[in-house]
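To start, the structure under review is shown below, and the notes come after it.
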Amino acid sequence: VNDAATTGSGYGVKGDRKTLNTYSSGGTYYLYDVTKPMNGVIETFSAQNRSTYPGSRSVDSNNAWTSSTQGADVDAHYYAGQVYDYYKNTHNRNSFDNNGATIRSTVHYGSNYNNAFWNGSQMVYGDGDGSVFAPLSGALDIVAHELTHAVTERSAGLEYRNQSGALNESFSDVFGYFLDPQDYLMGEDVYTPTKSGDALRSLSNPSQFGQPEHMNQYVNTTSDNGGVHTNSGIPNKAAYYTISSIGKAQAEKIYYRALTVYLTPTSNFSYARAALLQSTADLYGSGSSAYNGVKSAWDKVGVY
Ligand SMILES: Cc1cccc(C(=O)O)c1OC(=O)C1CC1
Ligand SMILES: [Zn+2]
């Protein structure tokens, strides 16, 4: 029996059918994707509802990943591959470290765990409790959000507190939008599965879910590392104004350049405005409509 890259199929968290890049060895199939360039590997594990990672490799006997508990594994694997492809094809970045680092996800973490996070080496997803969240890897914007935390960590390194932390959060939400641009909502595919129309956050209307959207509404607090998931509403609104005025194609180049060339661990909102304007000038000129779009976006949220 020889080892080989194989193609499987399965159902995601929402019951949607997906084709999967898998691997067969010794008669067992693994969620192990070896199809990416420069040996970039994507691999998915299960914590089997314990609070340890990475847990054990997700396996299947016949490469048909169709059981109800495999949806989280299927989506974590498939969406991580999509995010890899986005960063490679759109920004020529080879994995989160730009050096082909293996992208590892662990699903079924904890019990009824309503969280997802990048732990510094890998992505980790809870199954949710079925009321607040369905399994969290079931949303492409969440997977992109988590993997962008890794990109940020390996580039700007924005410290996860106060304004730099809110920028860290915002860049993850903004790239979540770039991956999943049908709407400006975050996490809507898995948030409150029994209730429609709501989401964790909105880039276009941060205040709809309790976030500020202007600098004069900045929340000074010690909770949540200085309100990083709250104050991200301000740069998120600026991103919304930018995208809706200059379009996604130019916006994503500007945001990627700011994140990887100009931002630093202690950058605040005002520095982010400057970094995005400099990136726009580098790419499209300081007299471009893109430059005016970025400038007016940050003017509107009161950051100078
Ligand atoms: C659900 C959740 C809880 C705590 C932290 C994060 C975090 O990754 O910051 C988190 O994930 C998100 O915010 C993703 C975008 C929906
Ligand atoms: Zn985050």
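Nothing in this text is a laboratory measurement; each read-out follows from the coordinates by a stated rule. This is a predicted model, so every value here is computed, not measured. Don't worry about glycine lacking a Cβ; one is built from the backbone with ideal geometry, like all the others, and counts go over all protein chains shown.
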Relative to the Cα centre, what is the charge dipole magnitude of the stretch 69-209, using +1 at the beta carbon of each Lys and Arg, -1 at the beta carbon of each Asp and Glu, and rounding to the nearest 20 debye? 320
Those lysines that a straight Cα-Cα span of less than 30 Å connects to LYS253, excepting residues fewer than 8 apart in one chain: LYS18, LYS36, LYS88, LYS237, LYS295, LYS300
Return the FRET efficiency for the residue pair SER286, GLN82: r is the Cβ-Cβ distance, R0 is 35 Å, and the value is rounded to the nearest 0.05. 0.55
Calculate the dipole size of the stretch 49-138 relative to its Cα centre from +1 charges on Lys and Arg beta carbons and -1 charges on Asp and Glu beta carbons; express the result in debye to the nearest 20. 240
Around THR22: net Lys/Arg minus Asp/Glu count, Cβ-Cβ under 12 Å: -3
Report for the stretch 1-148 the percent antiparallel among DSSP-assigned beta bridges with both residues inside it, nearest 5. 65
What are the ³J(HN,Hα) values, in whole Hz, obtained from phi via the Karplus relation 6.51 cos²θ - 1.76 cosθ + 1.60 with θ = phi - 60°, for each residue of the stretch 38-44 in sequence order, with x given for Gly and Pro? 6, 6, x, 10, 10, 9, 10
Ordering of 204-217, 102-115 by packing [mean C-beta count within 10 Å, highest first]: 102-115, 204-217
Radius 9 Å from Cβ of VAL107, net charge of other residues (Lys, Arg +1; Asp, Glu -1): -3
Total charge dipole magnitude, the chain, about the Cα centre, Cβ charges on Lys, Arg, Asp, Glu only, Debye to nearest 20: 520
Amide H contacts under 5 Å for SER58, placed H, 5+ residues apart: LEU31, THR44, PHE45, SER46
Please report the antiparallel percentage of the DSSP beta bridges confined to the chain, to the nearest 5. 70
Of ASN220, ALA72, TYR23, which is farthest towards the positive pole of the chain's charge dipole, taken about the Cα centre with +1 and -1 on the beta-carbons of Lys, Arg and Asp, Glu respectively? ASN220
Starting at the first residue of the stretch 2-17, write each ³J(HN,Hα) from the Karplus equation 6.51 cos²θ - 1.76 cosθ + 1.60 with θ = phi - 60°, in whole Hz, x for Gly and Pro. 9, 6, 7, 5, 9, 10, x, 8, x, 10, x, 4, 8, x, 7, 7
For PRO193, net neighbour charge (Lys/Arg +1, Asp/Glu -1) across residues whose Cβ lies under 13 Å away: -3
